Amino acid sequence: MTKKWNVEVKVNGRVKRAEVEPRLLLVHLLRDEFNLTGTHIGCDTSQCGACTVMMDGKAVKSCTVLAVQADGAEIQTVEGLGTVDQLHPIQAGFWEKHGLQCGFCTPGIMMAVNGLLQDNLNPSEAEIRDALDGVICRCTGYQFIVKAVQQAAETIRNSQQQSQVVPAEGGSV
Amino acid sequence: MRIEYSYTFDLPKDTVWRYIQDDRVLRSSLPGCQTFEEMPSGIYAAELGLNTGPVKGLFSAEVQQVDQIPPTYYRLLVKGKGKPGEIDAVADMILEEAEEAEGGTKITCVAEIEVTGVLASVGQRVMVGVAKVILGQFFKAAEKEMQNEI
Amino acid sequence: MTKVVGKPLKRKEDPKLITGNGQFTDDIKLTGMLYMAVKRSQHAHARIKRISVDAALKLPGVVAVYTGKDVQDKIKPIRSIWLVPGCDLIAKDRVPLAVDKVNYTGEAVAVVIAESRYLASDALDLIDVVYEELPAVVHQEAAIEGSAPVIYNDVPGNVAFTWKAGEVPEEVFANAEVVVKQRFYEQRVAANPMETRGAVAQYNPGSGELTLWCTSQNPHIHRLQYSEALGISETKLRIIAPDVGGGFGAKIAVYTEEALAAFAAMDLKQPVKWIEDRQEHFLATSHARDQVITTELAGTKDGKILAIRTRNVASLGAYLSTMGAGVPTIDFGLMVTGAYTIPYAQAETIGVYTNTTPTDAYRGAGKPEASYQIERIVSLFAEKIGMDPVEVRRKNLVQKGSFPYTNPMGCNYDSGDYQKVLEQALEAAGYAGLRKEQEEARKNGRLLGIGISTYVELCGLGPSAVAGAIGFGGGLYENCTVRVHPSGKVTVLTGASPHGQGEGTTFAQVVAEKFGIPIEDVELFHGDTHMISMGWGTYGSRTTPVAGGALAIAADRVIEKAIKIAAHELEVSPEELKFEDGAFMVKGDPDKKRTFKEIAWSANNAWNLPAGVEPALEGQCFFDPPDFVYPFGAHICVVEVDPDTGVVDLKKYVSVDDVGRILNPLIVEGQVHGGLAQGIGQALWEQTVYSEKGQLLSGTFMDYAMPKAKFFPMIESSFVESPSPVNPLGAKGVGETGTTAAPSAVVNAVMDALKPYGVVDLEMPLTPEKVWKAIQKGRAVK
């Protein structure tokens, strides 16, 4: 029997532990051990991005990360993005703009978008389409996903402006 | 798929010819070779532990060398079977005096390879590269062996 | 009460899906659950000499291994349900596991049941299968040549059937002023829903009841088939399609792995889960298209089309899949004349077994193929007579006022104004300006191309009597129950099984508007054979036209009953009441009224019902439509080809579709976009490729070119609404418009761009390599 390893990760703000085989993938740790089934598996070669989560603030494909590599890391999954009562602007954007149909790829795509918007809150259409290169959606043709991202970016920009004390000179955001 | 690969030995053609089909040299230079035995049919049965890209794990192989024209040509037939799939290769091996290195021998391998299983569905794209790496490892090790032999 | 039908409301389905609370098959976890993994053939065609499973069984954690011999007497082969008549069809059914011979790469030969998915996968490596390889036939044209290896001894020449419809008198072609003939290859593609297939099976040895959660577009068809294959009464077999992550036709077909998981669960008396991985999906889930279509058009010099004659050599794969025979025959052949008034048509289809994964429906199923050949040949005809492709279409489109129009194959196009749709598309694209721009561009050596497609498709399957006549092993009616709870909230149950199409919202819109209640008060339930009366599922753009028809009638039945109760309470006759904005009001005395909610309570408490009226408030309808529906559209695509690289740049795509009455424009537009992405994908990038020996070379997303976001421009879509007369909602279906229209629009555009090089036709997908080579060849000729 293979030696098992203890891993401890902080998932959506809560510390969780598990004893895992060294070969266990992070996505299986999340889904099978922690019952966080919002993160999906759409392929086995890291192309589709359905399994994308945030790991230490970066969007990663959890099918290409071993659970042991995530030891000590902070993970955010779709379950930690927002709730039905308090949707994250990305979730609200996807809902408003019909950015999903079957909804299978959606959690991963939203996490990838989360990665994009962290770096760029004013992405052009081309930048959004580029940022979606690591994910595949078979239902939507992407157009309404692009619109959803634009809407999410705008919501976040607006809320940041509102929450900021506007400097006398206007300043940069 | 078809691959073509050349390697230049720093050894004369006769020497390369003498040793390149020698079972002792083959046994010690085939990558990951664990067993290499001649069967009554004249076919060699080999077990190779390979680990290059998708070609991974233990492969049992039958190796046959035919149609020899000393010291310039022979044909190598390899049938291998492993977890990720099966490999069927027919390789023409051509020996010539190397142009660039005096006293050296250039060996060119022109092979037609068929693969099945995961090797085909996933590996195809990288197979040519993988085959070249494995051939490179083999020729390099063979040259070392030959130098030890002479 | 404001009107909600026709409003772009956001979807009721979404909150759970965007918060990670959907429940897909792989999300189901049961106590004591075991995992199944499938050992698949590495060869396209081989005899199985020996299978050794001992080493696998010895692996700790492995519970069972089953081979073909173990299950051949326990699970029956899965029958194809579409046995097209009159074509001497020889159906080869899928066996649960191959016994003596494998017929395609990826065919299942054994399954392992283990305590974890990792262990099950490990154990596969320990199963040793010894094969004797046989020569394989991969391409259908080679397969029907006399010298080709034969897959089945009782199928000479590998020909499963030869189907014919219509007839063109020989003199029509002999005397025609213009004849255009072209061979088209509809390449093999894969539907590739983002969720692969999967199943969870749970057996109760006490009750003998088997519950099978699986990725299905049509759970009742799965029940019908698995109940027969497994020998379980329908009363004991419960099929549940939970959230399903896309289907596009691939989840219509009834496969064997789900039956194997069910069998194992019964045999081991423990729940069993099987989830296909993407590589398996490429090997084991049905492929589609793969038809070689030769089309001949007879016409006049001034642009009238007189006849169409087609010969389609279709690859069925190694077995006849669920709807495998119907797609290249009925679905294709009846629509070969497209949207034009063509006096004569003849279609012949040869169905061929090959050593490949079975083919079946994929978004459009036969209609994209029919549309492709007619839209391409019409453009080639225009080219030949030196007429603008738009002009040829204008001349031949079915004229306004002639609906229902019966085409030469007997299909009754329901309604529309095809010219208006075309003119709207030309206007939206700025066609005249585009032609000028093209002329300028050509002077500068730039390759700008404009492609047009005016498609029509047969949708909304369909009347059951027709289903019977065309050999479909089931009905094509649909069922809806509208159940009004005591509180006035409504549950709708349907036999259709949506999986992304949004009927949870559109059906709620219909009910909300009819009853004058908030849309929040209506919930749609589907996908459970124990809870829902007979239904036939979601495919063929049938859910809104057919299940929606059942919904409208069932809701009306509720109102009919409610009026009786309200009248009784208000002490008037039902005729004296009108029902408006959720209230039953006495005509002329609107203060005398009962609300819908009040009647819901009265009906359900049954304290005071009129004589002869039963308690509760529920309406049900099995709607069997009188005919099919025919969405129509005009699409215009603009491309620029880079002569140095052969890369096709999609500059503009305009779609104008008449999909009948639109219930929710947001959802309808989403359907159009999604279909277009797949249709454009087929035209430019996607292809399932086999080696000569039948090895699948496009077995991952690294090798199969799935369309990505940056491949597309913003699609400009708009609509014309001509309600269909054949269903109460007037809907025509929208799901398959994009895949039907786009391939010809895109290829026509690229061919138009390559016109200076004399290129007439290229096989899809139009990859840069193919386009570049054609340019080089054209240059050499020049």
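Tabulated values for the structure
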quantity: Those residues of region A:56-90 which are of a type in the set (A, V, I, L, M, F, W, C) and open to solvent by 30 Å² or more (accessible area, probe 1.4 Å), in sequence order; calculated: A:ALA59, A:VAL60, A:LEU66, A:VAL68, A:VAL84, A:LEU87
quantity: Residue ID - surrounded by the most Cβ atoms within 10 Å (Cβ to Cβ), chosen from residues in region C:56-98 that are of a type in the set (Lys, Arg) and within 17 Å of C:ARG40 (Cα to Cα); calculated: C:ARG94
quantity: Among residues of region C:498-521, those that are in a loop (DSSP other than H, G, I, E, B) and either buried (at least 21 other Cβ atoms within 10 Å of the Cβ) or touching a residue at least 40 places away in the same chain (Cβ under 8 Å) (or both), counted; calculated: 7
quantity: Cross-chain or 6+ apart pairs with Cβ under 6 Å, region C:231-247 first and within 14 Å of chain A (Cβ to nearest Cβ), then open to solvent by less than 60 Å² (accessible area, probe 1.4 Å) and among the small types (Gly, Ala, Ser); calculated: C:ALA241/C:SER216; C:ALA241/C:SER497; C:ALA241/C:GLY527; C:ASP243/C:GLY22; C:GLY246/C:GLY500
quantity: The one condition in (1) open to solvent by less than 20 Å² (accessible area, probe 1.4 Å); (2) assigned to a helix (DSSP H, G or I); (3) more than 14 Å from every other protein chain (Cβ to nearest Cβ); (4) in contact with a helix residue (DSSP H, G or I) (Cβ under 8 Å, 6 or more places away or on another chain) that B:GLU145 fails to fulfil; calculated: (1)
quantity: Filter result (under 21 Å from C:ALA432 (Cβ atoms) and open to solvent by 10 Å² or more (accessible area, probe 1.4 Å)) within region C:603-649; calculated: C:GLU640
quantity: Number of positions in region A:13-30 that are more than 12 Å from chain C (Cβ to nearest Cβ) and surrounded by fewer than 16 Cβ atoms within 10 Å (Cβ to Cβ); calculated: 5
quantity: Of all residues making up region A:10-63, the number that are within 18 Å of C:HIS281 (Cβ to Cβ) and polar (S, T, N, Q); calculated: 3
quantity: Residue, farthest from C:GLU195 (Cα to Cα), within region A:113-141, restricted to residues that are open to solvent by 30 Å² or more (accessible area, probe 1.4 Å) and either of a type in the set (Val, Ile, Thr) or at the interface with another protein chain (Cβ under 7 Å from one of its Cβ atoms) (or both); calculated: A:ASP130
quantity: Residue, least open to solvent (accessible area, probe 1.4 Å), within region A:91-112, restricted to residues that are in a loop (DSSP other than H, G, I, E, B) and either more than 7 Å from chain C (Cβ to nearest Cβ) or among the β-branched types (Val, Ile, Thr) (or both); calculated: A:GLY99
quantity: Yes/no for B:ALA46 being at pLDDT 90 or above and closer than 27 Å to C:GLY106 by Cα; calculated: no
quantity: Criterion: in a loop (DSSP other than H, G, I, E, B), away from chain B (no Cβ under 14 Å), in contact with a strand residue (DSSP E or B) (Cβ under 8 Å, 6 or more places away or on another chain) and farther than 27 Å from A:CYS105 by Cα - qualifying residue of C:ASP644, C:ASP627, C:ASP657; calculated: C:ASP627
quantity: Any hit, region C:13-21, residues being open to solvent by 30 Å² or more (accessible area, probe 1.4 Å), acidic (Asp, Glu) and within 14 Å of chain A (Cβ to nearest Cβ); calculated: yes
quantity: Qualifying position, being within 14 Å of chain A (Cβ to nearest Cβ), closer than 28 Å to C:VAL109 by Cβ and in contact (Cβ under 8 Å) with a residue 60 or more places away in the chain, among C:THR196, C:THR256; calculated: C:THR196
quantity: Residues (of a type in the set (Val, Ile, Thr) and surrounded by fewer than 24 Cβ atoms within 10 Å (Cβ to Cβ)) located in region C:196-213; calculated: C:THR211
quantity: Residues that are more than 10 Å from B:PRO84 (Cβ to Cβ), of a type in the set (A, V, I, L, M, F, W, C) and within 14 Å of another protein chain (Cβ to nearest Cβ), drawn from region B:53-65; calculated: B:LEU58
quantity: Single match in C:SER286, C:SER315 (criterion: buried (at least 24 other Cβ atoms within 10 Å of the Cβ) and out of contact with any helix residue (DSSP H, G or I) (no Cβ under 9 Å at 6 or more places or on another chain)); calculated: C:SER286
quantity: Test: residue in region C:467-480 that is crowded, with 24+ Cβ neighbours inside 10 Å, of a type in the set (Asp, Glu) and at pLDDT 95 or above; calculated: yes
quantity: Which numbered condition C:VAL84 misses (of (1) within 14 Å of chain B (Cβ to nearest Cβ); (2) in a loop (DSSP other than H, G, I, E, B); (3) β-branched (Val, Ile, Thr)); calculated: (1)
quantity: Residue satisfying condition, being assigned to a helix (DSSP H, G or I) and either open to solvent by less than 10 Å² (accessible area, probe 1.4 Å) or touching a residue at least 12 places away in the same chain (Cβ under 8 Å) (or both), within set C:GLN678, C:GLN687; calculated: C:GLN678
quantity: Verdict on A:VAL7 being assigned to a strand (DSSP E or B), aliphatic (A, V, I, L, M) and closer than 30 Å to C:PRO707 by Cβ; calculated: no
quantity: Residue match in region C:25-40 (condition: touching a Cys at 6+ places or on another chain (Cβ under 9 Å) and either open to solvent by 60 Å² or more (accessible area, probe 1.4 Å) or within 14 Å of chain A (Cβ to nearest Cβ) (or both)); calculated: yes
quantity: Residue identified as part of a helix (DSSP H, G or I) and surrounded by fewer than 23 Cβ atoms within 10 Å (Cβ to Cβ) among C:PHE173, C:PHE263; calculated: C:PHE173
quantity: Residues that are outside any helix (DSSP H, G or I) and open to solvent by 10 Å² or more (accessible area, probe 1.4 Å), drawn from region C:541-556; calculated: C:SER541
quantity: Answer from C:GLY410, C:GLY401 - the residue that is under 18 Å from C:VAL720 (Cβ atoms), assigned to a loop (DSSP other than H, G, I, E, B) and either among the small types (Gly, Ala, Ser) or open to solvent by 40 Å² or more (accessible area, probe 1.4 Å) (or both); calculated: C:GLY401
quantity: Selected residue (criterion: nearest to the other protein chains (Cβ to nearest Cβ)) from residues of region B:28-52 that are small (Gly, Ala, Ser) and open to solvent by 50 Å² or more (accessible area, probe 1.4 Å); calculated: B:SER41
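Per-residue answers, yes or no, for (1) aliphatic (A, V, I, L, M); (2) at pLDDT 95 or above; (3) closer than 23 Å to C:GLU369 by Cα; (4) surrounded by fewer than 19 Cβ atoms within 10 Å (Cβ to Cβ):
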site: C:GLN682; (1), (2), (3), (4): no, yes, yes, no
site: C:GLY699; (1), (2), (3), (4): no, no, no, no
site: C:ALA709; (1), (2), (3), (4): yes, yes, no, no
site: C:SER718; (1), (2), (3), (4): no, yes, no, yes
site: C:ASN727; (1), (2), (3), (4): no, yes, no, no
site: C:GLY730; (1), (2), (3), (4): no, yes, no, no
site: C:ALA741; (1), (2), (3), (4): yes, yes, yes, no
site: C:SER744; (1), (2), (3), (4): no, yes, yes, no
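The values are calculated or read from the model by the stated rules, or taken from the named source; none is laboratory data. Predicted model only: the values in this text are computed from it and were never measured. Note that we place each Cβ from the backbone using ideal geometry, even for glycine, and neighbour counts take in every protein chain shown. Surface areas here come from the heavy atoms of the whole protein model, side chains and all, with no ligands, DNA or RNA. Shrake-Rupley method; radii C 1.70, N 1.55, O 1.52, S 1.80 Å.
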